[in-house]
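Q: Encoded as C-alpha coordinates, here's the structure I'll be asking about.
The values are calculated or read from the model by the stated rules, or taken from the named source; none is laboratory data. As the structure is a computational prediction, the values presented were derived from the model and not from experiment. Cβ placement follows ideal geometry from the backbone for every residue including glycine, while neighbour counts extend to all protein chains displayed.
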Amino acid sequence: MKLNSRLLMFAFACLLSAGAWAQIVEPEMVLVKGGTFMMGSSTGDTDERPIHEVVVRNFYISKYEITVAQYQEFCNSTNWVMPTAPPWGWDAQNPMCLVSWKDAGAYALWLSRKTGKSYRLPTEAEWEYAARGGQQDSATTYAGSDDPDKVAWYYETTYGSGPQPVGRKAPNAVGIYDMSGNVWEWCKDEYTLQYYPQGQETYTMGPSGENYRVLRGGGWNSEAKHTRITNRDRNVPASSNENAGFRVVRDPD
(Lines give C-alpha, C1' and ligand atoms only; values in the text may rest on other atoms or scores of the structure.)
Protein backbone atom coordinates (compact mmCIF):
# COMPACT_ATOMS: atom_id res chain seq x y z
CA MET A 1 0.00 0.00 0.00
CA LYS A 2 1.35 3.43 -0.94
CA LEU A 3 1.64 5.69 2.12
CA ASN A 4 1.25 9.45 2.19
CA SER A 5 4.75 10.98 2.27
CA ARG A 6 3.66 13.83 4.54
CA LEU A 7 2.34 11.37 7.14
CA LEU A 8 5.51 9.30 6.90
CA MET A 9 7.64 12.38 7.54
CA PHE A 10 5.43 13.36 10.45
CA ALA A 11 5.61 9.89 12.04
CA PHE A 12 9.41 9.91 11.67
CA ALA A 13 9.64 13.34 13.30
CA CYS A 14 7.49 12.13 16.20
CA LEU A 15 9.80 9.16 16.74
CA LEU A 16 12.87 11.37 16.69
CA SER A 17 11.38 13.74 19.25
CA ALA A 18 9.74 11.12 21.49
CA GLY A 19 12.71 11.03 23.83
CA ALA A 20 13.07 14.79 24.11
CA TRP A 21 11.00 15.31 27.24
CA ALA A 22 12.41 18.67 28.29
CA GLN A 23 10.93 22.04 27.32
CA ILE A 24 7.46 20.91 26.23
CA VAL A 25 4.65 22.64 28.09
CA GLU A 26 1.65 20.33 28.34
CA PRO A 27 -1.85 21.79 28.21
CA GLU A 28 -3.29 22.44 31.67
CA MET A 29 -5.88 19.73 32.27
CA VAL A 30 -9.06 19.52 34.36
CA LEU A 31 -10.37 16.22 35.75
CA VAL A 32 -14.01 15.64 34.86
CA LYS A 33 -15.48 12.87 36.99
CA GLY A 34 -17.65 10.48 35.04
CA GLY A 35 -21.35 9.94 35.37
CA THR A 36 -24.67 9.71 33.59
CA PHE A 37 -26.30 12.69 31.91
CA MET A 38 -29.09 13.54 29.52
CA MET A 39 -27.50 14.63 26.24
CA GLY A 40 -29.20 16.91 23.74
CA SER A 41 -32.07 19.39 23.81
CA SER A 42 -35.81 19.30 23.19
CA THR A 43 -35.90 22.98 22.23
CA GLY A 44 -32.86 23.31 19.98
CA ASP A 45 -32.26 22.35 16.37
CA THR A 46 -33.51 19.07 14.92
CA ASP A 47 -30.05 17.44 15.18
CA GLU A 48 -30.01 18.04 18.96
CA ARG A 49 -32.98 15.69 19.48
CA PRO A 50 -34.07 13.52 21.10
CA ILE A 51 -32.62 13.93 24.59
CA HIS A 52 -30.99 10.61 25.46
CA GLU A 53 -29.08 9.14 28.38
CA VAL A 54 -25.31 8.77 28.07
CA VAL A 55 -22.70 7.39 30.49
CA VAL A 56 -19.11 8.69 30.48
CA ARG A 57 -16.05 7.61 32.45
CA ASN A 58 -13.57 9.89 34.21
CA PHE A 59 -11.40 11.91 31.82
CA TYR A 60 -9.16 14.95 31.72
CA ILE A 61 -9.88 17.80 29.32
CA SER A 62 -7.74 20.83 28.57
CA LYS A 63 -8.69 23.83 30.66
CA TYR A 64 -8.27 26.11 27.66
CA GLU A 65 -8.50 25.71 23.92
CA ILE A 66 -5.13 24.76 22.42
CA THR A 67 -3.32 28.04 21.85
CA VAL A 68 -1.28 29.37 18.96
CA ALA A 69 1.91 29.01 21.04
CA GLN A 70 1.18 25.34 21.82
CA TYR A 71 0.42 24.50 18.21
CA GLN A 72 3.51 26.34 16.98
CA GLU A 73 5.63 24.20 19.31
CA PHE A 74 4.16 21.12 17.63
CA CYS A 75 4.86 22.51 14.15
CA ASN A 76 8.43 23.45 15.06
CA SER A 77 9.08 20.00 16.51
CA THR A 78 7.66 17.99 13.61
CA ASN A 79 7.91 20.27 10.55
CA TRP A 80 4.12 20.15 10.31
CA VAL A 81 3.03 23.16 8.26
CA MET A 82 1.84 26.14 10.30
CA PRO A 83 -1.14 27.76 8.54
CA THR A 84 -0.78 31.19 6.99
CA ALA A 85 -1.68 33.80 9.61
CA PRO A 86 -5.24 35.15 9.59
CA PRO A 87 -5.86 38.89 9.01
CA TRP A 88 -5.42 39.67 12.72
CA GLY A 89 -2.11 37.79 12.92
CA TRP A 90 -0.97 35.12 15.34
CA ASP A 91 -1.25 35.98 19.04
CA ALA A 92 0.46 33.36 21.22
CA GLN A 93 -2.42 33.20 23.72
CA ASN A 94 -5.23 33.13 21.19
CA PRO A 95 -6.88 29.78 20.51
CA MET A 96 -5.37 28.12 17.46
CA CYS A 97 -7.59 28.28 14.39
CA LEU A 98 -7.27 27.39 10.71
CA VAL A 99 -6.67 23.76 11.68
CA SER A 100 -8.48 20.75 10.26
CA TRP A 101 -9.70 17.71 12.19
CA LYS A 102 -6.65 15.88 10.81
CA ASP A 103 -4.30 18.64 12.03
CA ALA A 104 -5.84 18.49 15.50
CA GLY A 105 -5.43 14.72 15.58
CA ALA A 106 -1.78 15.02 14.53
CA TYR A 107 -1.16 17.45 17.40
CA ALA A 108 -2.73 15.00 19.87
CA LEU A 109 -0.59 12.15 18.52
CA TRP A 110 2.58 14.25 18.82
CA LEU A 111 1.68 15.27 22.38
CA SER A 112 1.11 11.61 23.27
CA ARG A 113 4.50 10.60 21.86
CA LYS A 114 6.25 13.47 23.65
CA THR A 115 4.71 12.82 27.06
CA GLY A 116 3.98 9.09 27.13
CA LYS A 117 0.31 9.87 27.86
CA SER A 118 -2.65 9.16 25.59
CA TYR A 119 -4.03 12.44 24.28
CA ARG A 120 -6.86 12.59 21.74
CA LEU A 121 -9.80 14.70 20.68
CA PRO A 122 -12.89 14.51 22.93
CA THR A 123 -15.87 12.48 21.88
CA GLU A 124 -19.01 14.52 21.37
CA ALA A 125 -20.49 13.05 24.56
CA GLU A 126 -17.39 13.96 26.59
CA TRP A 127 -17.41 17.46 25.16
CA GLU A 128 -21.04 18.14 26.07
CA TYR A 129 -20.70 16.54 29.51
CA ALA A 130 -17.67 18.73 30.28
CA ALA A 131 -19.39 21.86 28.94
CA ARG A 132 -22.37 21.17 31.19
CA GLY A 133 -20.06 20.97 34.21
CA GLY A 134 -19.83 17.18 34.57
CA GLN A 135 -21.43 15.92 37.78
CA GLN A 136 -22.05 19.55 38.75
CA ASP A 137 -24.37 20.03 35.75
CA SER A 138 -25.70 23.56 36.21
CA ALA A 139 -28.32 23.24 33.44
CA THR A 140 -27.25 26.55 31.92
CA THR A 141 -27.77 27.46 28.28
CA TYR A 142 -24.10 28.31 27.75
CA ALA A 143 -21.01 26.71 29.33
CA GLY A 144 -21.15 28.32 32.78
CA SER A 145 -24.02 30.79 32.50
CA ASP A 146 -27.37 31.65 30.99
CA ASP A 147 -25.82 34.97 29.94
CA PRO A 148 -23.48 34.48 26.96
CA ASP A 149 -21.67 37.77 27.66
CA LYS A 150 -20.24 36.27 30.87
CA VAL A 151 -18.71 33.17 29.32
CA ALA A 152 -18.48 33.49 25.52
CA TRP A 153 -16.73 35.47 22.81
CA TYR A 154 -19.25 35.63 19.98
CA TYR A 155 -20.07 38.05 17.19
CA GLU A 156 -21.77 40.68 19.35
CA THR A 157 -18.71 40.82 21.65
CA THR A 158 -15.91 40.45 19.09
CA TYR A 159 -17.61 42.42 16.30
CA GLY A 160 -16.06 40.06 13.79
CA SER A 161 -12.49 40.97 14.77
CA GLY A 162 -11.28 37.43 15.48
CA PRO A 163 -10.80 35.17 18.52
CA GLN A 164 -9.62 36.50 21.87
CA PRO A 165 -6.92 35.25 24.28
CA VAL A 166 -8.08 32.15 26.14
CA GLY A 167 -9.35 32.34 29.71
CA ARG A 168 -10.60 35.95 29.66
CA LYS A 169 -14.25 35.10 30.30
CA ALA A 170 -15.66 33.24 33.32
CA PRO A 171 -15.15 29.45 33.54
CA ASN A 172 -17.90 26.88 33.82
CA ALA A 173 -18.80 24.84 36.91
CA VAL A 174 -15.67 22.65 36.75
CA GLY A 175 -13.22 25.40 35.82
CA ILE A 176 -13.06 25.03 32.03
CA TYR A 177 -12.89 28.15 29.87
CA ASP A 178 -14.29 29.12 26.47
CA MET A 179 -16.41 26.05 25.81
CA SER A 180 -18.99 28.49 24.50
CA GLY A 181 -17.62 30.78 21.80
CA ASN A 182 -14.11 31.89 20.80
CA VAL A 183 -13.51 29.02 18.34
CA TRP A 184 -15.56 26.01 17.32
CA GLU A 185 -13.94 22.84 18.69
CA TRP A 186 -13.34 19.62 16.77
CA CYS A 187 -14.61 16.39 18.32
CA LYS A 188 -13.50 12.86 17.53
CA ASP A 189 -16.88 11.66 16.25
CA GLU A 190 -18.39 11.49 12.83
CA TYR A 191 -21.42 13.76 12.49
CA THR A 192 -24.57 11.81 11.72
CA LEU A 193 -28.26 12.62 12.06
CA GLN A 194 -28.87 8.99 13.04
CA TYR A 195 -26.65 9.20 16.12
CA TYR A 196 -29.14 10.86 18.49
CA PRO A 197 -32.24 8.83 17.53
CA GLN A 198 -30.27 5.62 18.07
CA GLY A 199 -28.97 6.76 21.45
CA GLN A 200 -25.58 5.79 22.80
CA GLU A 201 -25.08 2.80 25.05
CA THR A 202 -21.35 3.10 25.62
CA TYR A 203 -19.51 5.85 27.43
CA THR A 204 -16.95 7.34 25.07
CA MET A 205 -17.13 5.84 21.61
CA GLY A 206 -19.27 7.88 19.27
CA PRO A 207 -19.80 6.86 15.64
CA SER A 208 -16.80 6.85 13.34
CA GLY A 209 -16.31 7.18 9.62
CA GLU A 210 -14.73 9.24 6.87
CA ASN A 211 -17.49 11.80 6.37
CA TYR A 212 -18.28 14.96 8.36
CA ARG A 213 -16.75 15.41 11.82
CA VAL A 214 -18.45 17.13 14.73
CA LEU A 215 -17.74 20.72 15.79
CA ARG A 216 -19.04 22.11 19.07
CA GLY A 217 -19.29 25.34 21.06
CA GLY A 218 -19.64 28.08 18.47
CA GLY A 219 -17.01 30.68 17.68
CA TRP A 220 -16.07 34.35 17.66
CA ASN A 221 -18.06 34.92 14.47
CA SER A 222 -21.19 33.05 15.65
CA GLU A 223 -24.52 34.36 16.84
CA ALA A 224 -25.07 33.75 20.55
CA LYS A 225 -27.59 30.97 19.86
CA HIS A 226 -24.87 28.96 18.14
CA THR A 227 -22.69 28.99 21.26
CA ARG A 228 -25.27 27.01 23.26
CA ILE A 229 -23.95 23.86 24.97
CA THR A 230 -26.14 21.52 22.90
CA ASN A 231 -25.65 23.16 19.50
CA ARG A 232 -23.96 20.95 16.88
CA ASP A 233 -22.12 21.63 13.63
CA ARG A 234 -19.86 19.69 11.28
CA ASN A 235 -17.22 19.90 8.57
CA VAL A 236 -15.15 17.51 6.49
CA PRO A 237 -11.98 16.19 8.22
CA ALA A 238 -9.55 17.94 5.88
CA SER A 239 -11.26 21.35 6.02
CA SER A 240 -10.07 24.32 8.08
CA ASN A 241 -11.21 27.89 8.62
CA GLU A 242 -10.72 30.92 10.84
CA ASN A 243 -13.51 29.85 13.21
CA ALA A 244 -12.38 26.32 14.12
CA GLY A 245 -9.88 25.13 16.73
CA PHE A 246 -9.79 22.37 19.34
CA ARG A 247 -8.94 21.15 22.81
CA VAL A 248 -7.69 17.71 23.88
CA VAL A 249 -8.60 15.03 26.42
CA ARG A 250 -6.78 12.11 28.00
CA ASP A 251 -7.77 9.21 30.21
CA PRO A 252 -6.69 9.16 33.87
CA ASP A 253 -3.27 7.60 34.60
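Q: Identify the residue in the stretch 124-141 that is at pLDDT below 95 and in a loop (DSSP other than H, G, I, E, B) and, among all such residues, is surrounded by the fewest Cβ atoms within 10 Å (Cβ to Cβ).
A: Per the stated criteria, the residue is 139.
Q: Shifting gears a bit: Check off (1) at pLDDT 95 or above; (2) part of a loop (DSSP other than H, G, I, E, B) for residue 73 and give me the number that stays unchecked.
A: (2)
Q: Return a yes/no flag: does the stretch 181-197 have any residue that is in a loop (DSSP other than H, G, I, E, B) and at pLDDT 95 or above.
A: Scanning the stretch 181-197 turns up at least one residue that is in a loop (DSSP other than H, G, I, E, B) and at pLDDT 95 or above.
Q: Is one or more of the residues making up the stretch 88-106 surrounded by fewer than 20 Cβ atoms within 10 Å (Cβ to Cβ), among the small types (Gly, Ala, Ser) and under 20 Å from residue 223 (Cα atoms)?
A: Scanning the stretch 88-106, I find no residue that is surrounded by fewer than 20 Cβ atoms within 10 Å (Cβ to Cβ), among the small types (Gly, Ala, Ser) and under 20 Å from residue 223 (Cα atoms), so the answer is no.
Q: Now a separate question. Output the residues belonging to the stretch 142-166 that are closer than 27 Å to residue 38 by Cα and either surrounded by fewer than 17 Cβ atoms within 10 Å (Cβ to Cβ) or hydrophobic (A, V, I, L, M, F, W, C) (or both).
A: Once the filter is applied, which keeps residues that are closer than 27 Å to residue 38 by Cα and either surrounded by fewer than 17 Cβ atoms within 10 Å (Cβ to Cβ) or hydrophobic (A, V, I, L, M, F, W, C) (or both), the stretch 142-166 yields 143, 146, 147, 149, 150, 151, 152, 153.
Q: Filtering the stretch 2-53 down to residues that are basic (Lys, Arg) and either surrounded by 14 or more Cβ atoms within 10 Å (Cβ to Cβ) or at pLDDT 55 or above (or both), which residue is farthest from residue 131 (Cα to Cα)?
A: Here the answer is 49.
Q: Of all residues in the stretch 178-191, count the ones that are surrounded by fewer than 24 Cβ atoms within 10 Å (Cβ to Cβ) and hydroxyl-bearing (Ser, Thr, Tyr).
A: 1
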